[in-house]
Amino acid sequence: MKTLVFATNNLNKVEEIKAVLHDSFKLVSLEEAGIDIDIPEPHHTLEENAGEKSQTIYKLTGKDCFSEDSGLEVKELQGEPGVRSARYAGDNAGPEENISKLLFNLKNKSGREAKFRTVISLILHGKEYLFEGICKGKITDHPSGKSGFGYDPVFIPDGASITFAEMSMDEKNNYSHRKKAVEKLIAFLNSYNEQE
Ligand code: ITT
């Protein structure tokens, strides 16, 4: 089975992705690979930041690897917090502060439409491939639920009536931007293997 190092320090991402892999490939987290590194995300797009993370780990290990950069894009806020989702309320802000800032900025706005977007950057035999996953939904008036991470307590995906944070991981994965991007990655790896 193919092995890919996953260039992330976010253990929720590792768990969510491992839950949908089945036998498609073996994911080795940075922790499992014994790599302790805080990878910078200096760019203005998810695509560039995802590339930065995967290239950094590829240069360090020489192994096939992937990363993902994700963000919440809110229509009434012109796509904010977007690429700055993790640091919306400041460089050291936690999820509660980011959510408070988001809800404050949405006060008096009429629309609550938003989408999560994930970009995966795969480095295979030294070459980069990108895969995108989108989940549309809306922002609630107040946080609900304790599961998941980040903005999960204030995001209800289209087709559901509860927030991501009120769902089990498997339920979240029925809608998730991350799962959609991973499915594209798996389909690519399958077709790549057939061509080999
Ligand atoms: P790595 O860079 O180490 O992968 P990170 O948490 O810094 O981990 P990102 O730079 O991709 O990840 O930041 C994404 C932020 O967007 C994340 O911290 C959350 O605030 C938010 N986010 C992304 N996906 C999310 C999801 O599925 N549920 C809730 N919030 C999410």
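The values are calculated or read from the model by the stated rules, or taken from the named source; none is laboratory data. Just so it is clear, the structure is predicted and the values come from calculations on it, not from any experiment. Here the Cβ positions follow ideal geometry from the backbone for every residue, glycine too, while neighbour counts run over all protein chains shown. With ligands, DNA and RNA removed, areas are computed over all heavy atoms of the protein, side chains included. Shrake-Rupley method; radii C 1.70, N 1.55, O 1.52, S 1.80 Å.
For ILE123, what charge total do you get from the other residues with a beta carbon under 9 Å from its beta carbon, if Lys and Arg give +1 and Asp and Glu give -1? Please list the in-between numbers first.
Details: positive: LYS63, LYS127; negative: ASP64, GLU128.
Here the charged neighbours net out to 0.
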Which of TYR129, TYR151, TYR58 fluctuates most in a GNM of the chain (C-alpha springs under 10 Å)? That residue is TYR129
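Which three semi-axes in whole Å describe the equivalent ellipsoid of segment 38-80, each the square root of 5 times a Cα gyration tensor eigenvalue, listed largest first?
Numbers: eigenvalues 138, 16, 8 Å².
Calculated on Cα positions only, the semi-axes equal 26, 9, 6 Å.
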Find the centroid of the Cα atoms in segment 46-71 and in segment 85-152, then give the distance between the two in whole Å. 19 Å
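What is the diffusion coefficient of the chain in µm²/s, taking the Kirkwood radius over Cα pairs and the Stokes-Einstein relation at 20 °C with a viscosity of 1.002 mPa s?
On the way: Rh = 17.2 Å.
Estimated via Stokes-Einstein, D reaches 124 µm²/s.
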Within a Gaussian network of the chain (alpha carbon springs, distance under 10 Å), most fluctuating of LEU46, LEU103, LEU72: LEU103
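Rounded to the nearest 0.05, what FRET efficiency is calculated for GLU96 and GLU76 with R0 set to 35 Å and r the Cβ-Cβ distance? All intermediate terms of the calculation are to be shown ahead of the outcome.
Details: r = 21 Å, r/R0 = 0.61.
The value I calculate is 0.95.
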Averaging sequence separations of C-alpha pairs under 8 Å and six or more residues apart, then dividing by the length of the chain, give the relative contact order as a whole percent. 18 percent
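All other residues with a Cβ under 13 Å from the Cβ of LEU11 taken together, and with Lys, Arg as +1 and Asp, Glu as -1, what is their net charge?
On the way: positive: LYS13, LYS18; negative: GLU15, GLU16, GLU31, GLU32.
Summing Lys/Arg as +1 and Asp/Glu as -1 gives -2.
How do LYS172, LYS107, LYS146, LYS179 rank by accessible surface area computed with a 1.4 Å probe, from largest to smallest?
On the way: LYS172 10, LYS107 130, LYS146 195, LYS179 50 Å².
The ordering from most to least exposed comes out as LYS146, LYS107, LYS179, LYS172.
Could you order MET169, MET1 so the one with the most accessible surface comes first? Probe is 1.4 Å.
On the way: MET169 65, MET1 150 Å².
Greatest to least solvent exposure: MET1, MET169.
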Calculated from DSSP H runs of 4 or more alone, at -39500 (n - 2.57) each and per residue, what is the 222 nm mean residue ellipticity of the chain, nearest 500? -10000 deg cm²/dmol
If you average over every viewing direction, what projected area does the convex hull of the Cα atoms of segment 126-187 give, in nm²? 5.0 nm²
Mean-square fluctuation check for the chain, GNM, Cα pairs under 10 Å: which of GLU80, GLU171, GLU183 is largest? GLU171
Segment 26-71 - percent relative contact order, Cα under 8 Å, separation 6 or more: 30 percent
Relative contact order of segment 1-91: what whole-number percent is it, with Cα pairs under 8 angstrom and at least 6 residues apart? 27 percent
Hand me the GluC sites (Glu not before Pro) from segment 23-60 located in a DSSP loop with no more than 13 other Cβ atoms within 10 Å, in residue order please. GLU31, GLU32
